Each structure stands twice: as structure tokens, then as C-alpha cells.
Amino acid sequence: MSKENIFIDFDGVIFDTEKRVVDRKKLRPDISWNAFFEELDWFELLEEAKVINNAIDYILEAQSKSKQIAILTKIHTLLEMEAKVRALRTRNIEIPILFVPPYIKKSQIYLPNNGEILIDDSIKNLIDWEQKGGRSIYFSENLDSSNQFEVVKSLRRIL
């Protein structure tokens with residue numbers, strides 16, 4: 001893959017934050033998701049989070065080769081946004097980070113009408129991306145199969 005723009009999801013592709021968020025929410029069944037996100041300590045969460053399958057190393061390598069890559073990530077609060085920026089920038093990741101606010105689709109923030117690639121662990125996001133003209137790659141740590149999309153468990157081959 002050479003000159004295409006590649007967009008990489010953050011949660012569940014670079015860091016294992018998605019699983020951690022769900023586990024923490026289970027401890028707070030008494031509050032709504034919105035209230036939960038407001039009180040979640042994103043800095044603590046990201047300090048505990050593990051990088052998935054050397055994702056940071058592969059992004060740094062692609063960055064050093066001036067590949068056209070960016071992070072495209074959903075956020076629920078401005079604090080989450082700040083924590084994600086810090087988590088990436090303190091690891092010398094300098095590529096653009098595009099943030100997607102609640103109730104907005106990734107394909108509304110970046111319009112993928114030229115076959116741009118999205119690497120994401122959400123089938124829903126991938127379907128929407130393809131419907132808008134992009135190319136989707138399903139990220140699965142366990143290589144769960146998808147009849148619909150190419151599946152990868154590491155960013156190595158992609159970047």
C-alpha cells in the first residue's frame with residue numbers, strides 16, 4: 001500500500017482502551033454512559049492501557065517513511081481528547097489526529113470518497129466508511145473472521 005491515505009482507529013486498534021472502558025462501566029450500572037464518560041479518568045485509563053501488537057512502533061515506522069496516515073478516533077469528552085493527544089504525542093507520534101464527537105460518524109469528519117483506508121475494530125464504522133466510498137480493513141486482535149472485510153491483527157502489514 002503506497003500513496004493512499006490510511007486512517008487508524010485509536011480504541012481497540014492502537015490501545016486496548018475499549019475493553020477497559022466496558023469493564024469499568026460494568027462496575028457502574030447505576031449511571032448512564034454519558035455520566036460515566038464525564039467522570040471517567042481518561043489519563044489513568046490510558047496510563048493503564050496496553051499498546052496492541054506493537055501498534056505504536058509500526059505507526060512510528062510509517063511516520064518516519066512519511067506515509068499518509070492519521071488517527072481517526074471517537075471521543076466522548078474533551079478530557080478524553082486531551083488524554084489521547086498526550087498518549088500519542090509523548091510517544092513521539094506526530095501524525096494528524098482527527099477527533100470524532102459523539103453522535104457523528106467518522107465518515108462525516110473525513111469524507112472517504114477516494115478509496116481512503118480505515119482500519120477499525122468496529123464493523124459498523126467500516127460499513128459506513130465503505131458506503132461513503134472508502135476502503136475498510138477490520139482490525140481484530142484474535143483475527144476473528146469477517147466475510148465482509150480484509151482482517152488484520154497488527155498494523156505491520158498495512159503500514
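Observations on the model:
- For the range 100-154, residues that are open to solvent by 70 Å² or more (accessible area, probe 1.4 Å) and either part of a loop (DSSP other than H, G, I, E, B) or closer than 18 Å to ASN53 by Cα (or both) total 14.
- Entirely in the range 1-60, the helices (runs of 4 or more DSSP H) that have 3 or more residues that are open to solvent by less than 70 Å² (accessible area, probe 1.4 Å) and touching a residue at least 12 places away in the same chain (Cβ under 8 Å): 17-26, 42-48
- Residue identified as more than 16 Å from the chain's Cα centre (by Cα) and more than 14 Å from ASP11 (Cα to Cα) among LYS65, LYS124, LYS105: LYS65
- Filtering the range 64-80 to residues that are open to solvent by less than 20 Å² (accessible area, probe 1.4 Å) and part of a helix (DSSP H, G or I) leaves only GLU80.
- The single condition among (1) open to solvent by 10 Å² or more (accessible area, probe 1.4 Å); (2) modelled with pLDDT of 95 or more that ILE93 does not meet is (1).
- The conditions of being crowded, with 19+ Cβ neighbours inside 10 Å, within 13 Å of ILE14 (Cβ to Cβ), in contact (Cβ under 8 Å) with a residue 12 or more places away in the chain and not hydrophobic (A, V, I, L, M, F, W, C) are met by LYS84.
- Boolean, SER146 is at pLDDT below 95 and among the hydroxyl-bearing types (Ser, Thr, Tyr): yes
- In a residue-by-residue description of the range 46-53, the property of being within 23 Å of PRO112 (Cα to Cα) and in contact with an Asp or Glu (Cβ under 8 Å, 6 or more places away or on another chain) applies to no position.
The values are calculated or read from the model by the stated rules, or taken from the named source; none is laboratory data. Owing to the predicted nature of the structure, the values given are computational and were not obtained by experimental measurement. Here Cβ is always computed from backbone atoms with ideal geometry, including for glycine, and neighbour counts include all displayed protein chains. Surface areas here come from the heavy atoms of the whole protein model, side chains and all, with no ligands, DNA or RNA. Shrake-Rupley method; radii C 1.70, N 1.55, O 1.52, S 1.80 Å.
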